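Here's the structure we're looking at; comments come further down.
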Amino acid sequence: MTKSQQGAARCAVLVGPYGSGKTSLLEALLFAAGTTDRKGLVGDASAEAKARSMSVEPNVAGATYLEDVWSFIDCPGSVELAQDAQDALIAADVAVVVAEPQAAKAQALVPLMKFLDDRQIPHLLFVNKMDKLSQADGERVRDLLAAFQATSSRPLVLRQVPMREGGAVAGAVDLVSERAWHYKPHAPSDLVEIPGDLRDREVEARQTLLETLADFNDDLLEQLLEDKVPANDEVYRHLKANLAADRIVPVFLGSAEQDNGIRRLLKALRHETPGPEAAAGRLGVAPKAEQSGKTGGSEVCAAVARTLNLAHAGKVSVARLLRGSLKEGDRLAGQRLAALFRLQGTQLEKVSSAKAGDLIGLGKLEGIATGNLVCSESAAAADWADPLPPVYALAIQPRKRSDEVKLSAALAKLLEEDRALSLQADRDTGETKLWGQGEVHLRIALDKLSGRFNVEVDAELPQPAYKETIRHGADHHARHKRQTGGHGQFADVRISIAPQPRGAGFAFHDKIVGGAIPKQFIPAVEAGVLDGLRNGPLGFPVVDVAVNLNDGQFHSVDSSEMAFKTAGRIAIQDGLPDCQPVLLEPIHRVVVSVPNAHTSKIHGLLSSRRGQILGFDAKPAWDSWDEVQAYLPAAELRDLIVELRSVTQGIGSFTASFDHLSELTGRLADRVVQGRQAAQ
């Protein structure tokens, strides 16, 4: 490794499914590097994480190993918190994908591996919890490798084969150095001789490794064809080059809880991970010599991986400095940099300067968001990853009316921290909807509102935006007459009501002749009719109705716009019950994305929710995945993601958009109307 590489801090992002042991791996890496003298000092310190015994936000920690400086970001594994991992990966030189040694759980890696492959992020696979793998379980490493390979478009390269004692994994043989290591709990492994019964397996696995590397290098291929054994240094050189180019995925074995295989992983990261210039290149940041006219042309450039709003420090943008150096008071994004921080778990330490490669906290930069590429005088969204589409919502309101302003401010900060959250004011139902990736995701957000911002919120599943219309027309006469002291109120109108085609909306026609109603009062009648349509006989807004104003009377003294508006409202409200009102429910067009092994299940799931299947096809650019399209009532959409994830091992998802309104009759309609009337 060159001195320049040793001088530039590098960043590894730990990602993987829930329960794979990423936080344990982070703690093991810090322990092995000598950063901590015991575990449990860094990860999952927030109240929300402790309450759920799981990571709910990225944990950042730094370490120095054999004079190399590292930043580690441990990302939540819950599928509902996937946005955090996607955002953190903008800072990565390498991603460490952590997985359990169970072939049945391999499928959960597919979306993550696809994300890494699409963005050409160098990544390796660490198969954790190998101490829990036994031959009695029927799981063999070669079978695991086949299952994991099905999740990746890059070839997986096994770097170790396990040694077993009594069926349990007790060590590993390195396939490049051909040295065997016997695990010791919470201590460096012992170097031992390769067991005789493992020699054939080791030779076979090493040959497979070399043949995979030879696919990317003709010289190595020629050596293998001539039965020449390449030098170990040459093999390491090929491994490093191919990892940096994201052509292969090296696979390592170990147990974070027992500290097994951790130092071997650290050494592989040290020797084979590219420096920050490669990450800068992926983001379009030109090298200094090529700055002119290119993205990030200024000397300093950083990528924002996370945004925090802290009580004691204000807004902190967690960013990877890709090029240049910074010190307090420098200009960044056209602003004076108020402070620089080094992050270690929940602790922030002020520092005076930072250099390329460092993962740092930038204090109080306004207008800077997660996913931005920030340079000396500019900031813009990097071509990285759009926020995940929302799939679950809760209707929220402050428990105390006096907290409305405080809630708005708190939500603004939460949305700034978490790009997977969004807010929607639904004009049809009057609800404020908080959208996210699932119930756990939103409950974490509500806990933060309560714990961090002292705002208690009531939340429930949102109501579908039901409407109603009419099947037949009717004529109606309405008179508004009121006598008070002085001028009274008088207005008389005759209207006809008729249904419109679905989606045609509201139409109002003035059929008055002979000045029966003065023209200045006609708009007031229309306004009154519209007011009356807001709440129809069934209790919902009325749509797709045409109203003709046919005749009426006025009084030269007592008639007014207010009087005719009132008469128009009375006419429509009294006339609608005679028009055979019918309930309309919103129907969404839904596109469900799942592995094709689950496609038939999705057909059944959607049909059981009153869905109308429109068809299915292969999902573009996703091998062995389908997209199922259907019409689905909004009422059935509210908790769809829960059941969808249940039947697809957590990886199925969907997008939905309103398509049309459809008549709803029978018991379901009766229950909806009764519920509305009870609420009113």
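Miscellaneous remarks
- The set of residues in the stretch 65-89 being part of a helix (DSSP H, G or I), under 19 Å from L269 (Cβ atoms) and touching a helix residue (DSSP H, G or I) at 6+ places or on another chain (Cβ under 9 Å) consists of A85, L89.
- Of all residues in the stretch 403-438 being polar (S, T, N, Q) and at pLDDT 95 or above, the one that is farthest from V79 (Cα to Cα): S408
- Yes/no for V374 being in a strand (DSSP E or B), more than 28 Å from T36 (Cβ to Cβ), in contact with a strand residue (DSSP E or B) (Cβ under 8 Å, 6 or more places away or on another chain) and not assigned by TED's automatic domain parsing to the domain that holds R10: yes
- For the stretch 625-680, taking the residues that are without any contact (Cβ under 8 Å) to a residue 60 or more places away in the chain and of a type in the set (S, T, Y), the one that is surrounded by the fewest Cβ atoms within 10 Å (Cβ to Cβ) is identified as S646.
- The residues of the stretch 212-246 that are acidic (D, E) and over 30 Å from A279 (Cβ atoms), listed by number, are E222, E226, D227.
- Selected residue (criterion: nearest to R282 (Cα to Cα)) from residues of the stretch 205-245 that are loosely packed, with under 12 Cβ neighbours inside 10 Å and hydrophobic (A, V, I, L, M, F, W, C): A231
- Residue satisfying all of: in the stretch 477-492; in a strand (DSSP E or B) and not charged (D, E, K, R); surrounded by the most Cβ atoms within 10 Å (Cβ to Cβ) among these: A491
Every residue, every condition in (1) closer than 26 Å to W70 by Cα; (2) part of a helix (DSSP H, G or I); (3) in contact with a Leu (Cβ under 7 Å, 6 or more places away or on another chain), yes or no:
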{"residue": "V97", "(1), (2), (3)": "yes, no, yes"}
{"residue": "Q107", "(1), (2), (3)": "no, yes, no"}
{"residue": "L112", "(1), (2), (3)": "yes, yes, no"}
{"residue": "L116", "(1), (2), (3)": "yes, yes, no"}
{"residue": "S153", "(1), (2), (3)": "no, no, no"}
{"residue": "G171", "(1), (2), (3)": "no, no, no"}
{"residue": "H182", "(1), (2), (3)": "no, no, no"}
{"residue": "L191", "(1), (2), (3)": "no, no, no"}
{"residue": "L198", "(1), (2), (3)": "no, yes, no"}
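- Flag if L266 is of a type in the set (A, V, I, L, M, F, W, C), assigned to a helix (DSSP H, G or I) and farther than 17 Å from P155 by Cβ: yes
- Meeting the requirement of 3 or more residues that are hydrophobic (A, V, I, L, M, F, W, C), the strands (runs of 3 or more DSSP E) wholly within the stretch 296-352 are 301-310, 314-323, 340-344.
- Only residues that are modelled with pLDDT of 90 or more and on the phi < 0 side of the Ramachandran plot were counted across the stretch 311-330, and they come to 13.
- Search result, residues across the stretch 493-542 that are assigned to a strand (DSSP E or B), over 39 Å from the mean Cα position of the chain (by Cα) and closer than 17 Å to P581 by Cβ: I495, S496, I497, A498, P499
The values are calculated or read from the model by the stated rules, or taken from the named source; none is laboratory data. None of the values given here were measured: they were computed from a predicted structure. Quick reminder, even Gly has a Cβ in these numbers, built from the backbone with ideal geometry, and neighbours come from all protein chains shown.
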